[in-house]
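Written below as structure tokens is the structure these notes are about.
Bear in mind that the values in this text are calculations on the coordinates, not laboratory data. Just so we're clear, the structure is a prediction, and the values are computed from it rather than from any experiment. Quick reminder, even Gly has a Cβ in these numbers, built from the backbone with ideal geometry, and neighbours come from all protein chains shown.
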Amino acid sequence: MKAARTGPGRYLVEFETEEELREEHRTSLAHGGLRLPAVETPGLFSKVEVVLRGPLGGETTVTGTVVAPLPDGVALAFEGDGGAILEALLAVPPTEPDLDETDRSTWDRLRALSRTEKLLFAPKADRTERLVLVQDHDPQVVYALLKNP
């Protein structure tokens, strides 16, 4: 298990293997607790937010209270279902489809702009963006587009 402080009162805990995660669940998570190995230990009874990341990339966030100092970190108590946390950490995050994101995102991005944003953007548009904007139904957007040779 790797732990890192990501900000004031915020930590990231990464489980490297499924066995390590299941062992931590059996000993701590199932009972509403977590051993947080920390270089800088937070104060007793302080609230901390911990992002837990499983071995397959699944993530969940828990908010806990520091209840005891340990030789290598602190013990946290949190409310929530340990089984749901285990399921979230063992889940495989969905993968993005391999689409031509540049063309689709340009189209979607320009179509989502308001009229004012299109008018301001038209003189600065590059060739692919101009091809999308020329199809707009607003004549002022097309006029602003034509002002940019």
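One table, with the values for the structure above:
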item: Built amide H within the under 5 Å cut-off of Gly73, gap 5+; result: Ala38
item: Additional length obtainable on full extension of the chain from Glu18 to Ala4, 0.36 nm per residue less Cα span; result: 3.1 nm
item: Neighbour-count order for Lys2, Lys118, fewest beta carbons within 10 angstrom listed first; result: Lys2, Lys118
item: Pairwise label distance in nanometres, Asn148 with Thr63, each label 7 Å out on the Cα-Cβ vector; result: 4.4 nm
item: Percent of alpha-carbon pairs separated by more than 22 Å within the stretch 2-90; result: 16 percent
item: In sequence order, calculated HN-Hα J values of the stretch 8-15 (Karplus, 6.51, -1.76, 1.60; Hz; x Gly/Pro); result: x, x, 10, 9, 10, 10, 10, 8
item: Distance in nm between pseudo-label sites at Arg130 and Ser114 (7 Å out along the Cβ direction from Cα); result: 2.7 nm
item: The stretch 3-38 versus the stretch 108-149: alpha-carbon centroid distance in Å; result: 50 Å
item: Cβ-placed point charges (K, R +1; D, E -1), dipole of the chain about Cα centre in debye, nearest 20; result: 820 debye
item: Coil-residue chymotrypsin sites (Phe, Trp or Tyr not before Pro) of the stretch 1-72, DSSP, other Cβ within 10 Å capped at 12; result: Phe45
item: Whole-Hz ³J(HN,Hα) from phi, Karplus 6.51 cos²θ - 1.76 cosθ + 1.60, for the stretch 129-145, glycine and proline x; result: 5, 5, 5, 6, 5, 5, 8, 6, 7, 7, x, 5, 5, 5, 4, 5, 5
